[in-house]
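Undergrad: One structure is given below, represented as structure tokens, and several questions about it will come after.
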Amino acid sequence: MHKVNRRIAALTMGLAAASALSAPTLAQSWPQRPVRVIVPLPTGTAIDVSARLFCEELSHRWRQPVIVENIPGADGILAVKEFVGRTDGHTLLYSFAGLITINPILYKSLPYDPARDLVPIAITSDNFLAIAASKKSKVVSLGDLVKLATLQPGKLNWAATAGIPYFAFAGFQNGARIDMAYVPYRDFTPAVTDLGEGRIDIASTALTQLLPHEQAGHATLLAVMNRTRSPAAPHVPTAIESGFPDLTFDGVTGFFGPRGMSTEMRDRLAQDIRAVTETQSVRDRLPPLGIVARASTPAEFTVAIEEQRKKIAAIASAIGTKPQ
């Protein structure tokens, strides 16, 4: 009998911990202990650095340590698998939206439900994504690229990091009716080096990876995919300004909560995150990372994710992407 009672007590304590983020009565008193924030990228990446910046500020507001845990690999799947397996009520996810918008297109099955296991809390930032041409290609604009690729079908080549950069440029080619040879890279660092040396004609990736090569005179930045120009490269036009609005993608990043998070808890966390996003210190420290601060409500984050999902799905269908 005592063993049964102990088991019931242990089960009750476990359920209490699991529901810490879903119980409305705890919304104002949360957190009661350190908060873990899982990031699906390695340390030192722009998203990792921005996550640490936000966690530092949130720890002051919440009066508890907010600790980043990096779990990279498998397009973020490893991180999400760990995230959904946590039942401590004090774990959040800080990530790009591709976990919901892209992974269901690439994989037949996932160890998580994109529609239910990841609750959008608030956007924190947009990552700047860009397209660059090698100096040897003599391409200086997206319009030039279309003209050259039209005259030389299949002769130009390109590379892109996985996710939005790949789908965005593939969709651009499909819409412009041009044919370029795709060169896959497991690690994208050599791709950017090859761009600078003229072995790759076009690269689509984060602005921060391309900017040093332009500054060294080895590449030309053609456009950023975001709606606005980047503070780090204000001379580079947007895709909209270049006449290709369908190439517009914001690298939206933010905080996600677990399945079952209460509306009260989600709104309370969103308010705190939004307050951090709007501080001058955060807004000043993000641009050098190729990121711009962007505050939002949970509803606005949800809309941004859905908008991205629809655009990626349309491109994937047009270019014949099949889940693996």
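The values are calculated or read from the model by the stated rules, or taken from the named source; none is laboratory data. A quick note: this is a predicted structure, and the numbers were derived from the prediction, not measured. Cβ placement follows ideal geometry from the backbone for every residue including glycine, while neighbour counts extend to all protein chains displayed.
Undergrad: Looking at this structure, is F169 among the aromatic types (F, W, Y), touching a strand residue (DSSP E or B) at 6+ places or on another chain (Cβ under 9 Å), touching a residue at least 24 places away in the same chain (Cβ under 8 Å) and under 17 Å from L195 (Cβ atoms)? Outline the logic, then answer.
TA: Details: among the aromatic types (F, W, Y): yes; touching a strand residue (DSSP E or B) at 6+ places or on another chain (Cβ under 9 Å): yes; touching a residue at least 24 places away in the same chain (Cβ under 8 Å): yes; under 17 Å from L195 (Cβ atoms): yes.
Here the answer is yes, as F169 does meet what is asked.
Undergrad: Please determine, by comparing only the residues of region 178-196 that are touching a residue at least 24 places away in the same chain (Cβ under 8 Å) and among the charged types (D, E, K, R), which one is surrounded by the most Cβ atoms within 10 Å (Cβ to Cβ).
TA: Per the stated criteria, the residue is D194.
The rows are residues; the columns are (1) crowded, with 17+ Cβ neighbours inside 10 Å; (2) at pLDDT below 95; (3) not assigned by TED's automatic domain parsing to the domain that holds A206.
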site: V236; (1), (2), (3): yes, no, yes
site: F256; (1), (2), (3): yes, no, yes
site: A275; (1), (2), (3): no, no, yes
site: S281; (1), (2), (3): no, yes, yes
site: T297; (1), (2), (3): yes, no, yes
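Undergrad: Answer with yes or no whether I77 is surrounded by fewer than 22 Cβ atoms within 10 Å (Cβ to Cβ), out of contact with any Asp or Glu (no Cβ under 6 Å at 6 or more places or on another chain) and modelled with pLDDT of 95 or more.
TA: It is true that I77 is surrounded by fewer than 22 Cβ atoms within 10 Å (Cβ to Cβ), out of contact with any Asp or Glu (no Cβ under 6 Å at 6 or more places or on another chain) and modelled with pLDDT of 95 or more.
Undergrad: Q280 is checked against (1) in contact (Cβ under 8 Å) with a residue 24 or more places away in the chain; (2) within 17 Å of R61 (Cβ to Cβ) and fails just one. What number does that condition carry?
TA: Failing condition for Q280: (1).
Undergrad: Now for a separate question. Just one of S262, S204 is buried (at least 24 other Cβ atoms within 10 Å of the Cβ), closer than 26 Å to F301 by Cβ and in contact (Cβ under 8 Å) with a residue 60 or more places away in the chain; which is it?
TA: Going through S262, S204 in turn, the sole match is S204.
Undergrad: A further question follows. Determine, yes or no, whether L211 is hydrophobic (A, V, I, L, M, F, W, C) and in contact with a Ser or Thr (Cβ under 6 Å, 6 or more places away or on another chain).
TA: No, not satisfied.
Undergrad: How many residues are assigned to a helix (DSSP H, G or I), closer than 21 Å to V35 by Cα and either over 20 Å from the mean Cα position of the chain (by Cα) or of a type in the set (D, E, K, R) (or both) if we restrict to region 253-298?
TA: 10
Undergrad: Now, a different point. Can you give me the ranges of the helices (runs of 4 or more DSSP H) entirely in region 80-159 with at least 2 residues that are in the same structural domain as T279 (by TED's automatic domain parsing) and of a type in the set (A, V, I, L, M)?
TA: 98-101, 103-106
Undergrad: Are any residues in region 64-81 in contact with a strand residue (DSSP E or B) (Cβ under 9 Å, 6 or more places away or on another chain) and either farther than 13 Å from G257 by Cα or small (G, A, S) (or both), and if so, which ones?
TA: Q64, P65, V66, I67, V68, E69, N70, I71, P72, G76, A79
Undergrad: Still on this structure, I have one more. Restricting to region 56-91, what's the tally of residues that are touching a residue at least 24 places away in the same chain (Cβ under 8 Å) and out of contact with any Pro (no Cβ under 9 Å at 6 or more places or on another chain)?
TA: Qualifying residue count, region 56-91: 7.
Undergrad: When you scan region 40-71, how many residues do you find that are over 20 Å from L129 (Cα atoms) and not in a helix (DSSP H, G or I)?
TA: Matching residues across region 40-71 total 9.
Undergrad: Still on this structure: If I filter region 220-233 for residues that are touching a Leu at 6+ places or on another chain (Cβ under 8 Å), within 22 Å of I164 (Cα to Cα) and in a helix (DSSP H, G or I), do I get at least one hit? If you could, list the steps in order and put the result at the bottom.
TA: Of region 220-233, the ones touching a Leu at 6+ places or on another chain (Cβ under 8 Å) are 221-226, 230, 232-233.
Narrowing the set further to residues that are within 22 Å of I164 (Cα to Cα) leaves 221-226, 230, 232-233.
Restricting the remaining residues to those that are in a helix (DSSP H, G or I) gives none.
No: region 220-233 contains no residue that is touching a Leu at 6+ places or on another chain (Cβ under 8 Å), within 22 Å of I164 (Cα to Cα) and in a helix (DSSP H, G or I).
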